[in-house]
Every structure is written in C-alpha cells, then in structure tokens.
C-alpha cells in the first residue's frame with residue numbers, strides 16, 4: 001500500500017518536473033497564437049534560452065544572471081520572428097522553422113567555440129543552478145499520528161524540493177488565466193487574434209499588440225530553456241529540447257488555445273513521459289518487454305491520436321497565421 | 001496556408017526580374033553578411049572562411065561531384081515540399097518520409113542480391129516511393145478527413161519514424177554479430193552506379209565522388225513535376241485546391257482527394273532521397289542518414305518559388321553550403337559542421353520569411369524611374 005502510494009507520488013512528481021518546460025512553452029505559444037501569430041519556433045527559442053542561460057551561469061556562477069540571459073535570448077528571437085512576420089508580413093511557419101534550424105546550429109557552434117567541449121557547456125556546479133525550494137516541516141509532518149503516514153509522503157514527494165521555476169510556472173499559469181480573460185490586455189489580445197481589422201478600427205495598433213504578445217512568448221520560452229539547462233539539468237547539451245517545443249505546440253492545439261485544457265494536455269504528455277521512463281525494460285504480463293523505442297514514441301503517437309480523434313476540429317484563433325495588412 | 005509574395009503581381013513599372021532575381025540575391029547577401037558576423041563572433045575571419053567554403057564546394061571537379069550529390073537530395077525534398085505547397089499544404093515531414101524511403105530502397109537491395117542493378121534500381125525507386133508515400137498518407141488522411149493540423153502531425157511522424165528506424169536497425173535488421181546499428185552491406189552488384197563509373201562506360205573520366213545516377217532521376221523528376229502540375233488535369237485540380245478550396249468544391253473538385261494525392265506524391269518524392277543515399281552512396285541502411293534534408297527542402301522550395309528550375313538552383317545553393325561547410329571543420333579547429341545549419345537557418349529566414357525585407361525600397365527605386373520616364377514622355 002505504502003509502496004504503491006510512493007510510486008504514484010514519484011510518478012506525479014516526475015510528471016510535474018517534465019511538464020514544467022512544456023507548460024511554459026505551451027503558454028508562451030498561447031500568447032502569440034491568441035494574438036494571431038503562429039509560432040513553431042518555440043523549440044528554437046527554448047534551445048537558445050537553454051544554451052545562453054547555461055553559458056552565462058557557468059561563466060558568472062550566478063544562476064539568476066543565467067535565467068536573465070535565457071529570457072533575453074528568447075525575447076531576442078521572438079523579436080526576430082515579429083520583425084519577419086509582423087513588420088514584413090512574412091510566412092510565419094517558415095520564420096519559425098528558420099529560427100529552429102538557426103538555433104540548432106548556433107547553440108552548438110558557439111558552445112564549440114567558447115567552451116571547447118564538443119558543443120556542450122561545462123557541467124554546472126550546484127551554486128550556478130537555479131535552486132529548489134526546500135519547504136519547512138517535512139520531518140515534523142511525517143511524525144503526526146494518523147495523517148502523517150499519508151500526508152507526510154505527499155508533502156515530501158510532491159511539494160517539497162521543487163525547483164523555483166516550477167512554482168513560478170504555477171503562478172504564471174494562474175496569471176495567464178486572469179490576463180487572458182479578465183484584463184484589458186487579454187481582451188485586446190484575443191480580439192486581435194480573431195479580428196485584427198476590428199481592433200485596428202477601434203484605434204489600437206495591431207502590430208504593437210502582436211509584438212507585446214511575442215515579448216511574453218519570448219520570455220516564457222527563454223525561461224523554459226533555463227529550466228532545462230540550469231534548473232532541471234546541469235548544463236547545456238546539444239539538442240536538449242528534443243522536440244519539446246513541438247509537443248508544447250501540440251498541447252496548445254489539443255487544449256484549443258485555452259489555459260486550463262492546455263495545462264491538462266501538458267500534464268498528460270508529461271505523465272506519458274514519466275510512465276515511459278518507468279516502463280523501460282519492465283516485463284509486462286502477456287506482452288513481454290516492449291522495445292524502448294516504442295515506449296519513447298508514446299508521447300508522439302498520443303499526440304497524433306489526440307489530434308485525430310478527441311479534439312475534433314481544433315478551431316484556431318481566426319486570424320492566426322495571416323499577416324495583417326492595413327488598407328487592403 | 002497563404003504563401004505571401006506568390007502571385008501578387010504589383011501593377012506599375014517594376015520589372016519582373018526584380019522579383020525573382022534581384023530580391024532573392026539581396027536576401028542571400030543579407031544572410032551571408034549575418035553569417036559572417038557569427039563567424040566573426042567565434043573568432044575567425046569571415047571572408048577567409050566563406051571563400052574557403054566556396055572553393056571547397058566548387059573549386060575542383062571532385063568537390064563539384066560532392067556538391068551535386070547533396071544537390072540531388074535537396075532537389076527531391078524541395079520538389080516534395082513544393083508539390084504540397086501547390087495544394088496549400090505544409091509538409092514538414094520530408095525528413096521522416098525520406099528516412100522510410102531509405103528503408104524501402106534498402107529492403108529491396110537486401111532482398112535482391114545477385115540481380116542485375118537496373119532491375120534493383122527500378123524496384124528500389126518504386127519501393128522508396130511506396131514507403132515514403134505510405135508515411136505521408138496518415139497525416140494526409142488525418143488532415144483531409146479529420147482536420148488534424150498537418151504541420152503538427154508530420155512533425156510527430158518525423159519523431160515516430162526516427163524511433164521505428166532505430167528499433168529496426170538496433171533489434172531487427174542489424175548485421176548479426178555487429179555492434180553498430182546498421183544492416184549488412186549490399187552486394188556490390190546491386191549498387192546504383194556512381195556517376196564516374198557510369199560515365200566511364202562512355203569513355204569519359206571524372207574523379208570519384210558520391211554523385212550517382214539518382215542525380216539524373218532527380219532532374220527527370222523536375223520535368224515530370226512540371227508536366228504533372230501544368231499539363232495534366234490532376235495537376236490543375238491540385239493547384240485549384242491549393243489556391244481556393246471553396247472554388248474547388250464548387251468546381252466539383254474534391255479537396256480531400258487532392259490533399260491525399262498531393263501528400264502521396266510529396267512523400268514519394270521525399271522517399272527518393274533513400275535511393276540516392278542508401279542505394280547510391282551508403283550501400284547499407286544506417287541511422288540518421290537523412291540529417292535534416294527534409295527541412296532544407298522547405299527552404300529550397302521557398303527559394304525556388306515552387307518552380308522546378310528555381311528548385312534546382314536553390315538545391316544547388318544548399319548543396320554548395322553542405323559540401324563547403326562540411327569541409328571547413330578540417331581547416332578551422334573552432335568551426336564544426338553545425339555552422340552550416342546557422343547559414344541555412346539565416347538563408348531560410350531571409351530568403352523565406354523576410355522575402356519582403358527589401359521589397360518596398362527596391363520597388364520604389366525601380367518604380368520611380370518608371371514614373372519619371374512616363375512623366376517625361378507625357379511632358
């Protein structure tokens with residue numbers, strides 16, 4: 001019983017850790033897609049965030065400077081995307097793709113030239129990593145009679161020892177729900193993604209709103225990258241985002257561009273991943289050992305199945321992907 | 001999906017070559033200037049590096065052979081992306097389709113030991129087309145019938161293809177007793193002859209390089225592509241769906257059917273990469289032989305304006321980058337292969353996404369001249 005509880009808690013805890021970058025990236029995508037800019041460059045921005053935050057953290061030994069650098073990198077690339085797609089009405093998918101390819105080359109190239117470690121940054125010492133939050137009273141709670149044996153492990157495994165950025169992500173999720181549906185900025189954001197001409201007629205700048213959305217996107221993706229390389233991991237390795245940006249995009253579509261369902265989709269993907277790690281090499285009754293590659297592709301297969309079946313027609317923000325050209 | 005810049009002819013006195021020649025060249029120059037900055041940042045001289053890149057790609061016959069070998073791949077994937085574009089679809093799954101195409105070609109070559117190479121080559125072309133098309137079919141069908149976003153599904157299928165191929169090569173097709181995940185080498189009799197061998201039959205000697213007969217097949221595909229799109233009813237229907245789906249419906253053309261057809265052709269074209277790589281060069285099925293050709297195909301199609309001639313030229317450009325960039329790491333210890341991806345990314349960014357960057361200024365420049373001439377004529 002206690003073992004089962006512990007296993008479940010560890011699975012959930014792993015789910016939260018894996019979900020954090022996905023959630024950050026998916027919510028990043030939510031801001032820009034809600035404003036009408038498609039961004040498949042989440043992956044590249046995350047990778048840039050991961051590289052620059054690890055590079056700065058390892059040279060300054062200050063994780064917070066690293067985090068800032070990661071965010072700055074994400075924002076800079078988001079501005080490039082905006083320059084191409086908003087200012088010059090370029091194709092948004094192509095721009096995103098270009099950013100992904102550019103960063104996939106740039107990060108290892110710079111790492112190779114700056115650190116001479118075969119396209120990686122040096123392993124970060126503990127003081128250069130974004131710390132975890134140690135909550136008080138872990139032992140005390142476990143000692144409480146009756147409640148202790150159940151709540152103790154829950155508190156210890158789920159809540160204690162989470163990275164700062166996990167808590168930040170939680171706050172951001174709640175904030176996004178509020179911003180999108182309760183704030184003036186959110187209303188305008190949703191309007192510009194549905195009907196930019198109307199927003200323009202109301203005297204608001206479409207371009208400015210979309211740039212603002214992209215700034216948020218850049219910051220959140222940069223943070224997601226920082227979490228990967230300086231929070232969860234200890235240094236940048238080549239291709240460390242490994243498709244998470246695309247998964248986040250899928251989660252966003254599956255969640256129909258809404259905060260709650262998108263969060264759920266990210267947690268679902270992360271849970272599949274956590275289970276996937278557990279399943280490797282385990283003999284299942286009646287099936288035997290499943291080859292590790294099949295388990296690894298679970299999240300991707302799940303994505304396709306979800307997009308094919310359960311969501312039905314995902315209805316994107318109406319103006320998403322279409323450059324807004326005034327005086328047509 | 002709208003392709004900005006295509007078909008929106010501006011009225012006025014802007015000559016056509018400004019659109020399809022001058023602007024792309026300006027964008028290319030911008031991309032190379034930025035690449036130069038990156039090279040400067042990593043502490044090398046950009047002019048030296050870029051001129052070495054050019055001479056290693058085009059400077060001597062053997063290098064040209066290598067460049068054309070890369071070009072072959074890029075023509076296939078460029079055509080693959082372009083045919084989907086013509087139907088209004090974004091096929092980002094060229095990578096996975098090429099990977100599976102290689103499997104098809106490889107299985108044929110493994111099974112037909114001892115057969116004459118022309119028969120094997122023909123069957124391998126069919127098999128790679130079949131495998132590539134099959135891999136494109138599911139995303140196509142999902143897009144046509146369920147409205148699943150094809151950009152996402154094809155990306156997912158790239159990941160799934162990578163997993164399946166790793167499993168096949170590690171657990172199933174691996175040469176018994178071998179450690180590295182690859183099949184046994186094909187019998188030399190079934191290899192697709194390299195260009196130097198083929199030309200040798202006619203008494204022409206060129207230096208040995210991976211360039212093989214699939215280059216001719218790539219050029220043939222360009223011709224077939226053009227005939228299919230512009231001279232057949234199927235091509236007309238496909239383009240109609242791409243231009244205006246609703247108009248197509250009213251004209252009695254089924255968008256779903258054309259979406260599937262376009263993606264099947266697209267997958268088959270991407271699959272031909274397998275013929276070049278597996279049957280022509282590697283002579284065994286190996287891990288990750290595609291190395292990003294599917295993504296480069298997007299850039300090639302965009303730069304080539306989805307036209308076969310443009311695609312050949314753009315594929316040549318990316319072939320130069322791949323070959324020349326690959327050689328740089330031998331001369332410069334601080335530079336590795338990934339620099340090529342930086343340049344590719346910048347070229348895609350400037351030539352694809354920012355294709356309108358210089359358009360207003362350049363058009364004003366040329367238009368002003370035009371109106372000035374008209375004014376003097378009137379005066």
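Since every read-out is calculated from the coordinates, none of them should be taken as a lab result. Everything numeric here is computed off the predicted structure, so don't read it as measured data. Cβ: placed from backbone, ideal geometry, glycine included. Neighbour counts: every protein chain shown.
Once the chain from residue B:334 to residue B:60 is taken as fully extended at 0.36 nm per residue, the excess over their C-alpha distance is 96.1 nm. By the count of other C-beta atoms within 10 Å, a proxy for reagent exposure, A:318, A:244, A:45, A:256 are ordered fewest to most as A:318, A:256, A:244, A:45.
Label-to-label distance, residue A:182 versus residue A:204, with points set 7 angstrom from Cα along the beta-carbon direction: 1.9 nm.
Can you work out the FRET efficiency for the pair residue B:313 and residue A:174, with r the C-beta to C-beta distance and R0 = 30 Å, to the nearest 0.05? Between residue B:313 and residue A:174 the formula returns 0.05. Extension gain for residue A:322 to residue A:238 (0.36 nm times residue separation, less C-alpha to C-alpha distance): 26.9 nm. Helix B:338-347 and the longest principal axis of the C-alpha atoms of chain B enclose an angle of approximately 30°.
Of all the options A:173, A:144, A:38, the one that moves most in a Gaussian network model of chain A with Cα springs shorter than 10 angstrom is A:144. For chain A, adding -39500 (n - 2.57) for each run of n ≥ 4 DSSP H residues and dividing by the number of residues yields -21000 deg cm²/dmol at 222 nm. Computed across the protein assembly as shown, the Kirkwood hydrodynamic radius from all distinct Cα-Cα pairs reaches 26.8 Å.
If you run the Gaussian network model on chain B, springs between alpha carbon atoms under 10 Å, then out of B:75, B:348, B:174 the most flexible one is B:174. Counting Cβ atoms of other protein chains within 10 Å of each Cβ in B:353-366 and taking the mean gives 4. Rounded to the nearest whole angstrom, the semi-axes of the ellipsoid equivalent to region A:205-270, taken from the Cα gyration tensor as √(5λ), stand at 23, 18, 9, largest first.
So for region A:1-146, Kirkwood radius off the Cα pairs, Stokes-Einstein at 10 °C and 1.306 mPa s: how many µm² s⁻¹? The calculation lands on 89 µm²/s. Between the helical axis of A:206-226 and the longest alpha-carbon principal axis of chain A there is an angle of about 20 degrees.
When you count the other C-beta atoms within 10 angstrom of each residue and take the mean per peptide, B:256-264, A:301-309, A:271-279 line up highest first as B:256-264, A:301-309, A:271-279. What the Cβ-Cβ distance of residue B:28 and residue B:119 gives, at R0 = 51 Å and to the nearest 0.05, is a FRET efficiency of 0.75. Placing pseudo-labels 7 Å out from each Cα toward the beta carbon at residue B:172 and residue B:111 gives an inter-label distance of 1.3 nm.
Hull volume per residue, based on the alpha-carbon atoms of region A:2-310 and their convex hull, is 158 Å³.
Result for chain A in a Gaussian network model with C-alpha springs under 10 Å: among A:77, A:61, A:252, the largest mean-square fluctuation is at A:61.
Peptides A:14-27, B:114-127, B:193-206 ranked from most to least packed give A:14-27, B:114-127, B:193-206, packing being the mean of other C-beta atoms within 10 angstrom over each peptide's residues. Only Cα sites of region B:77-308 enter the Debye sum here, all with the same form factor; the resulting log10 I(q)/I(0) across q = 0.08 1/Å is -0.30, listed in q order.
For the peptide A:295-306, the mean number of other protein chain Cβ atoms found within 10 angstrom of a residue's Cβ is 5. Adding -39500 (n - 2.57) for every DSSP H run of four residues or longer, then dividing by how many residues chain B holds, sets the calculated 222 nm ellipticity at -21500 deg cm²/dmol. The alpha carbon centroids of region B:43-84 and region B:337-360 are separated by 15 Å. Among the residues of B:143-150, the average count of other protein chain beta-carbon atoms within 10 Å of the residue beta-carbon is 5.
As a rough footprinting exposure proxy, the listed residues B:50, B:89 were ranked by other beta carbons within 10 Å of their own, and the order from fewest upward is B:50, B:89.
In this structure, residue B:184 and residue A:197 have a Cβ-Cβ separation that, at R0 = 56 Å, corresponds to a calculated FRET efficiency of about 0.35. Report the Cα centroid-to-centroid distance between region A:219-263 and region B:187-244 in angstrom, as an integer. Going from one Cα centre to the other spans 41 Å. Remark: spin-label model distance residue A:135-residue B:202 equals 7.7 nm, labels positioned 7 Å along the Cα→Cβ axis. Between helix B:23-41 and chain B there is an angle of about 60 degrees, using the helix long axis and the longest principal axis of the Cα atoms. As a proxy for reagent exposure, ranking A:134, B:44, B:355, A:33 by other Cβ atoms within 10 Å from fewest up yields A:134, B:44, A:33, B:355.
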